[in-house]
Amino acid sequence: MRKIFIVLYIIGVAAYGQSSLPTDYFSDPLNIPIILSGSFGELRSNHFHSGLDIKTQQREGQPIFAPADGFVKRIKVAHYGYGKALYIQHPNGYTTVYAHLQRYAHDIKDYVKNAQYEKETYEIELFPEAGLLEVKKGEIIGYTGNSGSSGGPHLHYEIRDAASRPMNPMLFGVEIPDTKKPLVTSVFVYPVGEQAHVDQSQNPQKLRLMLQKDGSYKAEKISALGKLGIGVSTNDQQNGASNKNGVYEIKTTYNGEEKFKVLFEKFSFGETRYLNRYIDFDYFKTNKSRVQKLFREANNPLSIIKSEVDNGYITVEDGFTSNFTIEIRDFKNNKVIISIPIEGADKEILDPKESKETDNYIYANEATSITKGKFNIYIPANSLYEDTYLDIQVEGDTLKFHKDVIPIHKNITITVDADNYTASDLDKLYIGELNYRGEPYYNRTYRKGTKLSAKTRSFGTYALVADTTAPTIKPHNFINGKWVSKLDNLQIKIEDDLSGISSYRATINGKFIVTEYNYKKDVLTYNFEDEIISETENNLKLIVTDNVGNSTTFEATFFRKQL
Ligand SMILES: [Zn+2]
């Protein structure tokens, strides 16, 4: 049996090498119409979306059916991210992934529960041996939910190749009716060369688009000169939903010749953060709209760029008229075309590029250490995509570390010497990132003597913050000292003011119980089906600790009829 599996596996990999993907191998994982709230390659915060987000009719608990035979190769249960996730290895070499589950199906559920009780933890990652948890095509493997960092009930579904690269599941025959054309939000022209300009400006220009009778767009003629790049903000909708999802392909031409093409078919997790290099990051942070730059700048290794001439840039010459087009299509080949007429003209520049010079010029390919006041900032080589002036100001316990309009690729370390605090105050301090309201967001803070340090991948305001308040714990669905025979579970509300909850441990009558933490609702849940209890009178004890070590112990008694 094992031999057959290996042979099939090799055939599967070989078949992929010839780029012939099996379109009838995987059946749909749900038996409801497939309507997407997210598509493959869609632009998200710091990453390209690695799968399909399938809507589950606004509720949890839809059964998930194995789309093909295989075995469970990985299970991960986490408070954040994918929540309850399941990975199934198929004999054709592909792995399917299911995230944000409400619960796992029978055997898998028991396997996870046993491991959680053995390790006395809710969060767990397991790699069952091949053959231990086999699944047959059509078998229920779990139920959809909203666990982890999910903003509403849905199934996140991925298909990964043998090298763990996520692929567009539509390529494997997932059928989604789509007769709507991609939508165009905006088009920008970026002057790139030293002498380049667009409509007498050296700064990016948003173009005025005119909808044509045939559904295409024509931009108002621009006058320009020199080396330019073009960017577009676009999204796609499928039938049956108004969600704005990602498109499948964007192609550009200049005077009829292909310049640049991006295709959302496959990428690797190692490159996904380069999304921040690919989009106009400053514009996104300021306007919440993602403009895709249809040219490849330095330090952009993205493999979704399938072809390029001169890295997608064009050079406009004085006295020549030319035409640039952008063709955007979705997976069902619905297309929209934008044409941009350009007149080459060396005009006077009325809006020059602003340079914001500061004391801190950072060479992107070199490591830099900067000390200001009680703060030190260490910027490893290649944390930034290009050489940049950074604005850094320190006022007492606050560090104003530029503005969050430049992307950071690798962690920057912020260290602060808090030697003016007493030892006991020092214990309660952490480095917080302040949001626009001035509220501090916890950054994992490391201590060494009087020095505190934290890593970050975003510019912004950081401050030393003290958290002296311990977490609060309250019964949520029961009353201390009362009967709970009718309940399926016990729910306890746990909250912490500043640094946030770091860990918790619950026992009943001294025995560890698995409790699921829902950070979105601040609720811990114990399920009575775990069958830890054999007595009528029970003592629940819960200890919750925050990120600086303040902890609270809660005890309650409840009564439950035993069968
Ligand atoms: Zn998703």
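For K136, which lysines qualify as cross-link partners when the Cα separation must be under 27 Å and same-chain residues fewer than eight apart are set aside?
Correct list for K136: K3, K55, K73, K76, K84, K109, K113, K266.
Which order results if Y462, Y87, Y378, Y519 are arranged by neighbouring Cβ count within 10 Å, fewest first?
Ordered from fewest to most neighbouring Cβ atoms within 10 Å, Y462, Y87, Y378, Y519 come out as Y519, Y378, Y87, Y462.
In whole Å and largest first, what semi-axes does the C-alpha gyration tensor of segment 183-344 yield when each eigenvalue is scaled by 5 and square-rooted?
After scaling each eigenvalue by five and taking roots: 24, 19, 15 Å.
Explain nothing, just compute: Karplus ³J(HN,Hα) = 6.51 cos²θ - 1.76 cosθ + 1.60, θ = phi - 60°, for every residue of segment 363-376 in order, whole Hz, x for Gly and Pro.
7, 4, 8, 10, 6, 9, 10, 10, 10, 9, x, 8, 9, 10
Kirkwood hydrodynamic radius (Cα pairs, Å) of segment 203-296?
Value: 15.6 Å, from the Cα pair sum.
When S499, S45, S150 are ordered from fewest to most other Cβ atoms inside 10 Å of their Cβ, what list results?
S45, S150, S499
I'd like the antiparallel share, as a percent to the nearest 5, of DSSP beta bridges with both residues in the chain.
Of those bridges, close to 95 percent are antiparallel.
Using only the alpha carbons of segment 360-466, determine the length spanned along each of the three principal axes and report them from longest to shortest in whole angstroms.
Extents along the principal axes, in whole Å: 42, 29, 22.
Could you tell me the relative contact order of segment 100-181? Use alpha-carbon pairs under 8 Å, at least six residues apart, and round to a whole percent.
35
With r as the distance between the Cβ atoms of Q212 and T286 and R0 = 35 Å, compute the FRET efficiency 1/(1 + (r/R0)^6) and round to 0.05.
Approximately 0.70, to the nearest 0.05.
State the extension gain, in nm to one decimal, for the chain segment bounded by E257 and S534, taking 0.36 nm per residue of separation less the distance between their alpha-carbons.
Stretched fully, the E257-S534 segment lengthens by 92.1 nm.
Measure nothing but the geometry: give the 0 to 90° angle between the long axis through the Cα atoms of 2-17 and the longest principal axis through the Cα atoms of the chain, rounded to 10°.
The angle comes out near 20 degrees.
Over all directions, what mean area does the Cα convex hull of segment 157-246 project, stated in square nanometres?
Value for segment 157-246: 9.3 nm².
Between K372 and residues 5 or more places away or on another chain, which pairs have amide H atoms under 5 Å apart, with H built 1.01 Å from N, and which residues are they?
Here the answer is I377, since their amide H atoms fall under 5 Å of that of K372.
From a point 7 Å beyond the Cα of S424 in the direction of its Cβ, which residues of segment 526-563 have a backbone N at a distance under 18 Å?
548-552
With only Lys, Arg, Asp and Glu charged, each at its Cβ (+1 for the first two, -1 for the last two), find how big the charge dipole of the chain is about the Cα centre; round to the nearest 20 debye.
Using only the charged Cβ atoms, the result is roughly 1060 debye.
Where does segment 472-559 land on Rg/Rh, using Cα atoms and the Kirkwood Rh?
0.96
Taking the Cα centre of each part, how many Å lie between segment 535-561 and segment 187-218?
Computed from Cα coordinates, the inter-centre distance equals 62 Å.
Given the pairs K119/K474; K374/K455; K218/K251; K221/K332, which span a C-alpha to C-alpha distance of over 21 angstrom in this model?
Violating the 21 Å limit, Cα to Cα: K119/K474; K221/K332.
Using the Cβ atoms and a cut-off under 10 Å, what net charge is assigned to the surroundings of Q116, where Lys and Arg are +1 and Asp and Glu are -1?
-3
How big is the gap, in Å, between the Cα center of segment 44-65 and the Cα center of segment 257-320?
Cα centroid to Cα centroid, the span is 27 Å.
Kindly give the semi-axes, whole Å and largest first, of the ellipsoid equivalent to segment 272-380, taking each as the square root of 5 times a Cα gyration tensor eigenvalue.
Taking √(5λ) for each Cα gyration eigenvalue gives 34, 22, 14 Å.
What is segment 429-480's relative contact order, in percent, from Cα pairs under 8 angstrom and six or more apart in sequence?
Once normalised by length, the contact order is 38 percent.
Determine the equivalent ellipsoid of the chain by diagonalising the alpha-carbon gyration tensor, then write out the semi-axes as square roots of 5 times the eigenvalues, largest first, rounded to whole Å.
Rounded to whole Å, the semi-axes are 46, 35, 20.
List the aspartates and glutamates whose alpha-carbon lies under 15 Å from that of K521, not counting same-chain residues fewer than 8 positions away?
Straight-line reach from K521, under 15 Å: E495, D496, D497.
For helix 106-119, report the angle its Cα long axis makes with the longest principal axis of the Cα atoms of the chain; keep it between 0 and 90° and round to the nearest 10°.
Approximately 70 degrees, to the nearest 10.
So between K410 and I32, what do we pick up on full extension, going 0.36 nm a residue minus the alpha carbon distance?
132.0 nm
Identify the residues of segment 345-368 with backbone N under 14 Å of a label point that sits 7 angstrom from the Cα of S223 along the Cα-to-Cβ direction, or state none.
Label zone hits: 345-351.
Any idea what the relative contact order of the chain is, in percent, if you count C-alpha pairs under 8 Å spaced at least 6 apart?
10
Please give the calculated 222 nm ellipticity per residue for the chain, where each DSSP H segment of at least 4 residues contributes -39500 (n - 2.57) and the sum is spread over every residue; nearest 500 deg cm²/dmol?
-2500 deg cm²/dmol
Would you list E194, E258, E348 from fewest to most Cβ contacts within 10 Å?
Listing E194, E258, E348 from fewest to most nearby Cβ atoms yields E348, E194, E258.
If the convex hull of the alpha-carbon atoms of segment 2-172 is projected onto planes in all directions, what is the mean projected area in square nanometres?
For segment 2-172, the mean projected area of the Cα convex hull comes to 9.8 nm².
Taking the Cα-to-Cβ direction at S45 and at A163 and moving 7 Å from each Cα, how far apart do the two end points lie in nm?
Here the modelled spin labels are 3.0 nm apart.
Collect residues whose amide H, placed 1.01 Å from N in the peptide plane, falls under 5 Å from the amide H of Y217; neighbours closer than 5 in sequence don't count.
For Y217, whose amide H was placed from the backbone, the distant partners under 5 Å are Q212, I337, I338, S339.
Which FRET efficiency, nearest 0.05, do R59 and W483 yield, Cβ-Cβ r, R0 30 Å?
E between R59 and W483, to the nearest 0.05, is 0.50.
Which value results for Rg/Rh of segment 415-471 when Rg is the Cα radius of gyration and Rh the Kirkwood radius based on the inverse mean 1/r?
When Rh is taken as the Kirkwood radius, the ratio is 0.96.
Each reported figure results from applying straightforward, stated rules to the coordinates on display, with no laboratory input. The structure displayed is predicted, hence computed values, not measured ones. No Cβ is skipped: glycine too gets one built from the backbone with ideal geometry, and neighbour counts run over all protein chains shown.
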